[in-house]
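Rule-based calculations on the coordinates, nothing more; no lab input. Quantities reported herein were computed from a predicted structural model and do not represent experimental measurements. No Cβ is skipped: glycine too gets one built from the backbone with ideal geometry, and neighbour counts run over all protein chains shown.
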Amino acid sequence: MAKIAKVVAESVKPTFSVELWPPRSPASEAKLEQTLPILEKLHPTFTSITYGAGGSTREKTHDLVLKIKRETSTEPMAHLTTAAHNKSELVNILQRYLAAGVENILALRGDPPLSGDVALPPGELVYAIELVELARSMGDFSIAVAAHPEGHPDSPDLKTDRIMLARKLELADMAITQFFFDADDYSRLVDDLDRLGVSKPVLPGVMAPTSLKTLERMVLLSGAKIPQKVRRRLDGAGDDVVAIKTIGVEIATELSAELLKRGAPGIHVYTMNDASTTVEICKSLGLG
Ligand SMILES: Cc1cc2nc3c(=O)[nH]c(=O)nc-3n(C[C@H](O)[C@H](O)[C@H](O)COP(=O)(O)OP(=O)(O)OC[C@H]3O[C@@H](n4cnc5c(N)ncnc54)[C@H](O)[C@@H]3O)c2cc1C
């Protein structure tokens, strides 16, 4: 198995995949060492590895991608952002992946501090679509891109964002969504893409919220909404960490089940490097 988008497109049963962060401290490295074998037992279709927006995880992402490629039975998908690098650095990173046999990337813009008023020199990459074009020109990559069911926060409106996404997805092979909590947002995204003539796989990204505070911080960047019923359920658990975890898993499982019922090709879990939550979601859905 090498080209993840092809596997997702051709799979007769829903796929189950996970996202991991590269560890940033000895403690998180130790946690990841425990998490990896547990996740491997779930036989995820693939494991995607995030990239620090400012390039801060450059080597750590690379190392974890190669570790997963060489030491586990799951296929890695390497996230990469235009925001972090100039074009020649991006070329180097992609060349290194090609040389190591890493064929799957998630081409992203990232959230650059520079994205506002600072003009980039000509020839530098801004949008994710330009990274898709660059990777395509360099080798036989299978390329995924990000999709935002509720619209990307920088977009003037949802319609414009959908048109931009459709253009990007025409060149790429599949999309993975930002997390969201309302299945209707996913259905609307798929329907809009369909109307724009794009029918590549769109994997919903699902997250089990671990606290209302963390979730509120995350939605600031992502443009996702926290529906009242999700807010109420998390609020109801107060400070009880175990109860919050149980509710978070329930929220993620219920949403995933609904998405699969509506024809989603699989579920991509934002694990936040926590194996136990992911195992619970996987078990409840009968996936993996
Ligand atoms: C599955 C997933 C994984 C992620 N992983 C990471 C990660 O590892 N590291 C990280 O830093 N971030 C990550 N992100 C966050 C992502 O980088 C941000 O959401 C970022 O703000 C947008 O990235 P994008 O690739 O969607 O950008 P783009 O597709 O470039 O879109 C960004 C904005 O520009 C608009 N746009 C696109 N093309 C054009 C154009 N040609 N002209 C005008 N406007 C245009 C879009 O409508 C949108 O509003 C991830 C997001 C998702 C959904």
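Brief remarks on what is shown
- Less than 5 angstrom separates the built amide H of Ser142 from those of Asn104, Ile105, all sequence-distant by 5 or more or on a different chain.
- Sequence-ordered 3J(HN,Hα) estimates for the stretch 20-27 from the Karplus curve with 6.51, -1.76 and 1.60 and θ = phi - 60° stand at 10, 9, x, x, 10, 8, x, 5 Hz, glycine and proline given as x.
- Subset of Lys67/Lys225; Lys3/Lys41; Lys69/Lys283; Lys41/Lys159; Lys41/Lys200; Lys168/Lys225 violating a 32 Å alpha-carbon distance limit: Lys67/Lys225; Lys41/Lys159
- Sorted by Cβ neighbour density within 10 Å, fewest at the top, the residues Ser25, Ser48: Ser25, Ser48
- Structure-based [θ]222 nm, the chain - -39500 (n - 2.57) summed over DSSP H runs of at least 4, per residue, nearest 500: -15500 deg cm²/dmol
- Cβ-based exposure ranking for Ile38, Ile68, Ile105, in which fewest neighbours within 10 Å come first: Ile38, Ile68, Ile105
- Remark on Gly266: its backbone amide H falls under 5 Å from those of Thr15, a criterion applied only to residues 5 or more positions apart or on other chains, H modelled at 1.01 Å from N.
- Percent of Cα pairs exceeding the 16 Å cut-off, where the set is the stretch 5-74: 51
- Residue-by-residue Karplus 3J(HN,Hα) for the stretch 36-49, coefficients 6.51, -1.76, 1.60, Hz, glycine and proline x: 4, x, 5, 5, 4, 5, 7, 6, x, 4, 7, 10, 9, 10
- Per-residue HN-Hα couplings for the stretch 127-138 [Karplus 6.51, -1.76, 1.60; θ = phi - 60°; Hz; x = Gly/Pro]: 8, 4, 4, 6, 6, 4, 4, 4, 4, 4, 6, 9
- Overall shape: rounded for the stretch 4-285, with the ratio a/c of the largest to smallest alpha carbon gyration tensor axis below 1.5.
- GNM top mover of Asp154, Asp274, Asp194 - the chain, alpha-carbon springs below 10 Å: Asp154
- Spatial separation of Cα centroids for the stretch 116-195 and the stretch 219-243, in angstrom: 27
- Straight Cα distances below 17 angstrom link Lys13 to the aspartates and glutamates Glu258, with same-chain residues fewer than 8 positions distant left out.
- Under 5 Å, built H, 5+ apart or other chain: amide partners of Thr271: Glu19
- Net +/- balance of residues flanking Met138 in space, Cβ distance below 14 Å, scoring K and R +1, D and E -1: -2
- Each of Asp140 and Lys6 was given a label point 7 Å from its Cα along the Cα-to-Cβ line. The distance between the two points is 0.7 nm.
- Likely footprinting exposure, Val230, Val241, Val18, fewest C-beta neighbours within 10 Å first: Val241, Val230, Val18
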